[in-house]
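Just below is one structure, and these are the notes that go with it.
The values are calculated or read from the model by the stated rules, or taken from the named source; none is laboratory data. Note that the coordinates shown come from a computational prediction; the quantities given were computed from them, not determined experimentally. All Cβ positions, even for glycine, are placed from backbone atoms using ideal geometry, and neighbour counts span all protein chains on display. All accessible areas refer to the heavy atoms of the entire protein, side chains included, with ligands and DNA or RNA removed. Shrake-Rupley method; radii C 1.70, N 1.55, O 1.52, S 1.80 Å.
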Amino acid sequence: MPYGLTCICTCTEFRQWISPEYKWFFEYPLPLPPAKSKSLTWTGDSTGAAIDYYEVELKSFKQQIYPNLPATELEGYDGMSPGPTFFMQQGREAVVRFTNNGPSNMSVHVHGQYNRAPFDGWAADYATPSQYKDYYYPNAQNARTIWYHDHTEYSTAEHAYRGQEGFYIITDPQEESLGLPSGKYDIPLGLTAKVYNSDGSLQFNPNNNFGLWGDVIQVNGQPWPYLNVEPRKYRLRLLDGSLSRTFTVSLQEGLDGDALGFDVIASDCGLLSQPVKTSNLTIAMGERYEIVVDFANYAGQNVTMRNAPSAGENADYAATDMVMRFIVGDTVSDTTNNGDVPQNLREILAIPTGEPAKDFAFERIDNEWVVNGVGFSDIEHRILTRPERGTDEIWTLRNAGGGVTHPVHIHLVDFQVLSRTGGRNTVLPYEAVGRKDVIFLAPGEEAQVVARYAPWAGVYMFHCHNLVHEDHQMLVAFNVTQLEKWGYTNDTVFIDPMEPNFRPKPYNADDYTDEAIRKKIAWFYSTDAYNHGDVAGSTVVFASLGLEEAGLRNGTNRVKAWAT
């Protein structure tokens with residue numbers, strides 16, 4: 001039994017289990033996914049530009065979930081779940097080759113980064129087993145906790161459930177100057193909820209496509225883990241990576257003692273303008289929040305992360321009111337970055353507002369989850385809107401029926417939450433002072449969000465991040481262009497997410513040689529997809545509302561030459 005662990009009374013006899021009963025609460029340590037190492041760096045001969053190259057393999061693996069049952073068959077990036085964590089520096093581009101040696105199709109979405117459309121994980125752009133795809137990433141946004149996960153059409157939920165997800169963290173100099181907890185005091189926490197069969201295998205039952213809430217709470221893949229911490233400040237990066245479960249987390253002394261206050265410092269799109277003090281935090285599927293917790297007053301004690309019952313339409317089970325435990329030691333080994341949280345974290349400029357431009361209803365019709373009556377399989381109509389590149393638009397997002405929550409994720413953009421009416425009828429304090437890419441809509445709620453549809457033209461998805469709903473049609477798209485309908489021309493190579501030059505390719509050992517890789521990266525650089533990593537230049541792209549993408553036109557000619 002780990003240091004400081006006391007007897008637990010969870011009153012499990014009063015609530016049911018779906019899975020075999022789990023009895024090893026807080027007995028196993030929190031796993032920390034390893035940092036992903038680059039394979040090489042390509043440097044341009046004449047420009048000195050640098051692009052880092054990584055290789056990731058999707059493959060099956062086994063993990064011991066229940067100590068008394070056979071290991072569970074899973075699938076994950078580099079054979080682990082969560083997959084390895086990417087740590088990226090703002091302005092330094094990367095190419096990541098995902099090779100599919102797993103049992104399932106694979107389309108990788110880096111959720112929260114503004115990639116060009118062919119590298120954004122379009123649901124129909126999937127690699128089958130024995131194929132690979134190169135994803136070209138700008139890493140040009142401000143510091144933020146984002147994540148990567150599967151986005152394959154009609155199968156996203158099961159693929160993510162079986163392990164296809166991981167952290168992707170971007171840092172920048174402004175964030176690094178704030179003195180926030182870092183290194184071993186900066187901890188990613190990926191929350192999930194799953195169900196197991198009596199033989200230890202995963203049970204995937206989407207409950208008539210309403211959702212899979214799960215009765216086994218896992219953090220970084222481990223059910224109800226513990227983490228040894230020092231009596232000082234920690235930065236915790238929370239991700240709700242579950243399919244359908246919303247959490248309302250709190251930190252309590254012991255198991256049921258007084259609640260700890262903490263500072264919320266960041267949301268989906270990076271640092272808030274200022275920290276928000278609270279003792280509880282609601283986080284829905286796909287959302288990320290970062291908090292700073294001070295364990296200084298709890299030396300030699302336990303602090304338990306609890307989960308309030310019935311957040312959203314969640315089903316409550318025997319132990320879903322607990323998440324994990326922090327076992328606080330007696331000494332501090334390093335006081336670096338242990339000061340007060342700055343009261344000004346970053347400047348967030350207001351996006352101009354006006355009248356709502358679009359209205360989208362998320363609802364259930366004829367046993368399918370749809371947006372304005374349309375689903376992803378309706379190819380002729382699934383592009384619901386065409387905002388002009390660089391324009392500011394207010395979208396009204398409505399939970400219009402079905403009696404369940406819809407966390408709505410809009411790809412490409414960072415948005416601000418302007419209002420929420422119905423249901424909880426309020427914008428939460430930590431929603432109001434930052435930018436988001438997911439907005440949680442409880443039953444009966446309507447929200448207005450504003451975003452600038454930039455910097456790139458292209459076709460991008462927006463959808464419910466209850467992945468069971470997404471897989472059953474609640475996935476549609478918008479087209480940030482002025483093209484008629486969505487017939488693509490030869491000079492819009494980055495507009496079409498299914499552009500043939502960027503599609504997955506069959507595995508070929510010759511493509512993995514150092515020479516072939518460097519040649520491929522040089523070609524990516526020649527397309528000038530991201531203004532060659534120039535963050536300031538990317539900002540100019542945001543402002544240049546009417547400019548044609550001359551660089552992309554030149555890049556298209558190179559694409560044609562490479563393809564032939």
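The packing ranking, built from the mean of other Cβ atoms within 10 Å per residue, places the peptides 407-415, 366-374 in the order 407-415, 366-374, highest first. Excluding same-chain neighbours fewer than eight residues apart, the lysines reachable from LYS194 by a Cα-Cα span under 17 Å are LYS23, LYS62.
Dipole size of the chain about its Cα centre, with +1 on Lys/Arg Cβ and -1 on Asp/Glu Cβ: approximately 400 debye, rounded to the nearest 20. Across segment 363-370, coupling constants 3J(HN,Hα) worked out from phi with the 6.51/-1.76/1.60 Karplus curve, θ = phi - 60°, read 8, 10, 10, 6, 6, 10, 8, 9 Hz, and Gly and Pro carry x. For segment 146-154, putting each phi into the Karplus relation 6.51 cos²θ - 1.76 cosθ + 1.60 with θ = phi - 60° gives couplings of 10, 8, 10, 7, 5, 9, 5, 4, 6 Hz, in residue order, rounded to whole numbers and with x for Gly and Pro. Quote the Stokes-Einstein diffusion coefficient, in whole µm² s⁻¹, for the chain, based on the Kirkwood radius over alpha carbon pairs, a temperature of 25 °C and a viscosity of 0.890 mPa s. In µm²/s, the coefficient is 102.
Amide hydrogen proximity for GLN222: with H placed 1.01 Å from N in the peptide plane, no residue at 5 or more positions away or on another chain lies under 5 Å. Per residue, the accessible area of the chain comes to 36 Å² when a 1.4 Å probe rolls over the protein heavy atoms.
Carbon-plus-sulfur accessible fraction, the chain (probe radius 1.4 Å, protein heavy atoms only): 48%. Amide H contacts for TYR168 (H built 1.01 Å from N in the peptide plane; partners 5 or more residues away or on another chain; cut-off under 5 Å): PHE86, ILE146, TRP147, TYR148.
Start at zero, step by 10 Å, and the Cα-Cα distances of segment 153-222 spread as 15, 39, 22, 18, 7, 0 percent across the bins. Only helices enter the 222 nm calculation for the chain: every DSSP H run of n ≥ 4 contributes -39,500 (n - 2.57), and dividing by all residues gives -2500 deg cm²/dmol, rounded to 500.
Peptides 204-215, 460-471, ordered by how many other C-beta atoms sit within 10 Å of their residues on average, highest first, read 460-471, 204-215. If you sort the three axes of the alpha carbon gyration tensor as a ≥ b ≥ c, you get a/c of 1.5 or more for segment 358-480 and a/b no higher than b/c, which makes it oblate.
Return the FRET efficiency for the residue pair ASN280, ASP366: r is the Cβ-Cβ distance, R0 is 30 Å, and the value is rounded to the nearest 0.05. About 0.20, to the nearest 0.05. Phi angles across segment 282-295 convert, under the Karplus curve 6.51 cos²θ - 1.76 cosθ + 1.60 with θ = phi - 60°, into 3J(HN,Hα) values of 8, 9, 9, 4, x, 6, 10, 9, 10, 10, 10, 10, 9, 8 Hz, Gly and Pro given as x.
If contacts are Cα pairs under 8 angstrom and at least 6 residues apart, what is the relative contact order of the chain in percent?
Values: 1450 pairs, mean separation 84.2, N = 564.
With pairs under 8 Å counted, the relative contact order is 15 percent.
A simple spin-label model places the labels of SER201 and ARG503 3.4 nm from each other, with each point 7 Å out along Cα-to-Cβ. Annotation: amide H-H contacts under 5 Å for THR481 (H modelled 1.01 Å from N, sequence separation of 5 or more, or interchain): ARG389, GLY458.
Rounded, prolate or oblate: which fits segment 40-174 when a ≥ b ≥ c are the square roots of the eigenvalues of the alpha-carbon gyration tensor, with rounded for a/c under 1.5 and prolate only if a/b beats b/c? Because a/c hits 1.5 or more and a/b exceeds b/c, segment 40-174 counts as prolate.
When peptides 349-362, 392-405, 227-240 are sorted by average Cβ neighbour count within 10 Å, with the highest value leading, the order is 227-240, 392-405, 349-362.
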